[in-house]
């Protein structure tokens, strides 16, 4: 069983959030209300989270979030945001695009370099408008405080973690500022050993019923180095230029072993002993950005240009020792080359009581795969995907008394060419021309903020999903992509509101041609099954979330509760199967201000069992405890954390398709202990204003 089958069976059930385009809030920040519970007076803090237009805004300055540690720690406390350490999702939307002062974050390790004390607020948009790529379904925008001081500044951060095995993350950032010039360099290393153990129960329907029970244990050692250098120059308040280059490499060495029992129609067939070794390298990875931000009179100008190139190699060795039949020893090698060029121009101009934004974006990308194998039932292959995307967009926002109205339109022309063994496949190449509208309206009725928004989006398949090469998993199961995939079409309507210390949202999503995992017969007799992806007719989904936050002396609790329910029916085992079990979410977060200006956080979360796409996940829960103390006027801090204390934050999944059912049970330690030491001096905010181009295309790599 190869480690890459985890890409298919460990399906992540999305959980996400609410909002859209940023506008000016019409609500004051001074309202408050008190509730008496026995002898305790609980005071609401109503303006920590509020609506700004149709986006959800959470204030960090002057709240316990200011002492959370880093931007990573802040985001774990933001309503509707789930996850940690750069791996975040937004309730009901999946992975968001994350921005810092309007600049797209390409490397999520950057979030660990931002001190929470330097963050002003965090905005969550779940219906981003025409300004963003049509595949962006959620945006998190982190706004930092104003810059201070010239001279040399820096950050040194060291984090050690123990999760059965040890790992470390170390960062060293330097910045020098004088006048309008700013020069910076960032360096980092992430490395350690990670456990990966599970039990997989696979049921395959062909001419007979195959049942495989695979117990697998193993680990992976990762070494990841990166560096970043750049500059920005502020001519005056109206003109700024800058550029940066970032590079690095990553090496992964994984080892797995296990036993597999195989039954045919309930009768023992074979016993396999499996040993797997996989070595992969990303070496090197290059990414550069160049920007200009300025104004010509009242016309705002924002221009970005990006280039990315990387090479990834992977060598896989699969050794199966059979108890009753011939042994199978299979090796394969994969080389991927990725290349991207992108540019984006955004112009803005004030009109009446609002703003008009318009612009264009161009992206050219290439993803090439060279695959070789000695498996008798497979052949090597070379494939390449060339794609270009030309887009134009306009967005208008206006205020009419207590009403704010926004409307946008985005046009995208996408040309997709698929090449197999150097020859263009006309039957798999295609061109798309699409228009994506968006609209929003928000208002305030007494002390209640309301916002209603609509967006039409798309989700293009990842390049790995389009890769037509086939990989060996075991003698009964292969895995591969599908070059025939069409982009998903997504319609979303959302109502959100806020009142004093409470907020809520209700959203409906309709997906046409969603891309889901499935299985198809492979080979002449159809006994072997290929796990791949295909477009299904539709998925409908309803999301609802409510939350509130209060204060009782030194205790500041927050509570959120939500539910996600989908409607999906698939072919399964010769019949139709409904996958509409709802997923419930409850969060209880507690910040306690201790003597000596120290902070204690105790966070609990529970997620119910339920369906996400064509899988069912089990329930999960966690309890995290963190202690944070800063010294020397916040220049040095110590953080102690114990995450998932009861080791319950792991979800077992069952994946359903026409001919194959895969159940995966996680058997590993998720309980983690962390110690973080951070020292900063002469902290200043970056003046770099590059926002990046082709950001969504970079995510597909």
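Read-outs: derived from the displayed coordinates by stated rules, not from any lab. A quick note: this is a predicted structure, and the numbers were derived from the prediction, not measured. Counting neighbours? That spans all protein chains shown, and the Cβs are built from the backbone with ideal geometry, glycine included.
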*Return the calculated 222 nm mean residue ellipticity for the chain, to the nearest 500 deg cm²/dmol, obtained by summing -39500 (n - 2.57) across DSSP H runs with n ≥ 4 and dividing by the residue count.*
-500 deg cm²/dmol
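For an R0 of 45 angstrom, estimate the FRET efficiency from the Cβ-Cβ distance between residue 261 and residue 388 and round to the nearest 0.05. Intermediate results must be reported in sequence, preceding the final value.
Working: r = 50 Å, r/R0 = 1.10.
It comes to 0.35.
Once you order the gyration tensor axes a ≥ b ≥ c over the Cα atoms, which shape class does the range 544-671 get: rounded for a/c under 1.5, otherwise prolate or oblate by comparing a/b with b/c?
Details: a/c = 4.23, a/b = 2.26, b/c = 1.87.
Note, shape of the range 544-671 comes out prolate.
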*If you take the beta carbon distance between residue 345 and residue 194 as r and set R0 to 45 Å, what does 1/(1 + (r/R0)^6) give as a FRET efficiency, to the nearest 0.05?*
0.60
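For the chain, calculate the relative contact order in percent as a whole number, restricting contacts to Cα pairs under 8 Å that are 6 or more residues apart. Walk me through the numbers on the way to the answer.
Working: 2099 pairs, mean separation 95.3, N = 701.
Contact order relative to length: 14 percent.
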_Distance in nm between pseudo-label sites at residue 648 and residue 165 (7 Å out along the Cβ direction from Cα)_ = 2.8
*Cα Rg, Dmax (largest Cα-Cα span) when computed across the chain, Å*: 25.8, 81
*Cα centroid distance between the range 109-151 and the range 267-310, in Å?*
20
*If a/c stays under 1.5 just call it rounded; otherwise compare a/b with b/c (prolate if a/b is bigger, oblate if not). Do that for the range 604-644, with a ≥ b ≥ c from the square roots of the Cα gyration tensor eigenvalues.*
prolate
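Taking R0 as 51 Å, what's the FRET efficiency between residue 565 and residue 174 from their Cβ-Cβ distance, rounded to 0.05?
Working: r = 50 Å, r/R0 = 0.97.
Computed FRET efficiency for residue 565 and residue 174 comes out at 0.55.
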*the range 138-274: C-alpha gyration tensor shape, a/c 1.5 cut-off, then a/b vs b/c*: prolate
*Separation of alpha-carbon centers, the range 641-684 and the range 43-107, rounded to whole Å*: 20
